[in-house]
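Everything below concerns the one structure shown next.
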Amino acid sequence: MANAPVQRPLSPHLQIYRLTLSMIMSGVHRITGLALCVGMVVLTWWLLAAATGQNAYATFEVFSTSWIGRLVLFGFSWALIHHLVGGIRYFIWDLGYGLEPEEREWLVLANLITPIILTVLLWAVLVMSGMR
Amino acid sequence: MSMRTPLGRVRGLGSSKTGTEDFWQQRLTAIASVPLTIAGVVLVISLTGRSYPAVKQILASPLVAVLMLLFVLATTWHMKIGVQVIIEDYVTDEKQKITLVMLNIFFAVAIGLACAYAILKLSFGV
């Protein structure tokens, strides 16, 4: 009785709706969150290297100053700032503000643009601070 | 045919009453992470271009160490919940799901413990 097949209608899924920026940015929040796991591995490596000694730290610096290391760290900093700003956006929504259609898309656009500016600013500061 | 009553069959199958625990903790750790991440970024800027002994000395100072420990605690717990939600959303096979949820917890605990150990070792200088 309990296992009898029941033909229930399925709720509409992604392909039914018109694609909006807020839908993409919801995915980007998750993807940046996953990317930050890789960032945490780099952070752990850095801290362990600093705690281990001069040679281990030098090995880390070989990575962090290489082009691939720079790319990873730049990506990490962008993902971190993007995820943080995105978190503030969700916090605003959790409090019940900014949920009207126009406000929503405006918030999402701000979430897309602000972190790019902040990341470039951060690296400008890092270069000015004498980044090797 | 079971002799159990309809009520007896469904008892204990409902909600576990802990459904909002992850939701609450995710927001708690998120809000904690905002000032701690800003502190972390300021730290990275101040460490840029410095030699190993200077970096070591700054990381060992109590204020920096405590802020770093708080950052690691908040972010690794946030990471554990966030990744688990993604696994639970997209992995439908029960065995795969449980395996991945387990591995995710191991990952978060390993990262958190390794960072905490490194910070404490730098602080105590042993």
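Scanning region A:32-56 for residues that are within 30 Å of A:I116 (Cα to Cα), free of Cβ contacts under 8 Å to residues at least 40 places away in the same chain and of a type in the set (V, I, T) gives A:V38, A:V41, A:V42, A:T44. Annotation note: Cβ proximity below 7 Å between a residue of region B:78-92 that is closer than 19 Å to B:I31 by Cα and a residue that is of a type in the set (S, T, Y) and assigned to a helix (DSSP H, G or I) (sequence gap 6+ or interchain) occurs for B:H78/B:T29; B:H78/B:S33. The residue list A:A35, A:A58, A:A4 contains one member that is closer than 22 Å to B:C115 by Cβ and loosely packed, with under 13 Cβ neighbours inside 10 Å, which is A:A58. Scanning region A:111-124 for residues being free of Cβ contacts under 8 Å to residues at least 40 places away in the same chain and surrounded by 14 or more Cβ atoms within 10 Å (Cβ to Cβ) gives a total of 3.
If you scan region B:1-42, which residues turn out to be among the hydroxyl-bearing types (S, T, Y) and either more than 12 Å from chain A (Cβ to nearest Cβ) or in contact with a Pro (Cβ under 9 Å, 6 or more places away or on another chain) (or both)?
B:T5, B:S15, B:S16, B:T18, B:T20
The requirement of being facing chain A (nearest Cβ under 9 Å), more than 24 Å from A:N55 (Cα to Cα) and either out of contact with any Leu (no Cβ under 6 Å at 6 or more places or on another chain) or not in a loop (DSSP other than H, G, I, E, B) (or both) is fulfilled nowhere in region B:49-70; no residue meets it. Scanning region B:15-40 for residues that are surrounded by 17 or more Cβ atoms within 10 Å (Cβ to Cβ) and of a type in the set (A, V, I, L, M, F, W, C) yields B:A30, B:A32, B:L36.
Laboratory data are not the source of any read-out in this text; all were calculated from the coordinates shown. Bear in mind that the values here come from a model prediction, so they are computed numbers and not experimental data. All Cβ positions, even for glycine, are placed from backbone atoms using ideal geometry, and neighbour counts span all protein chains on display.
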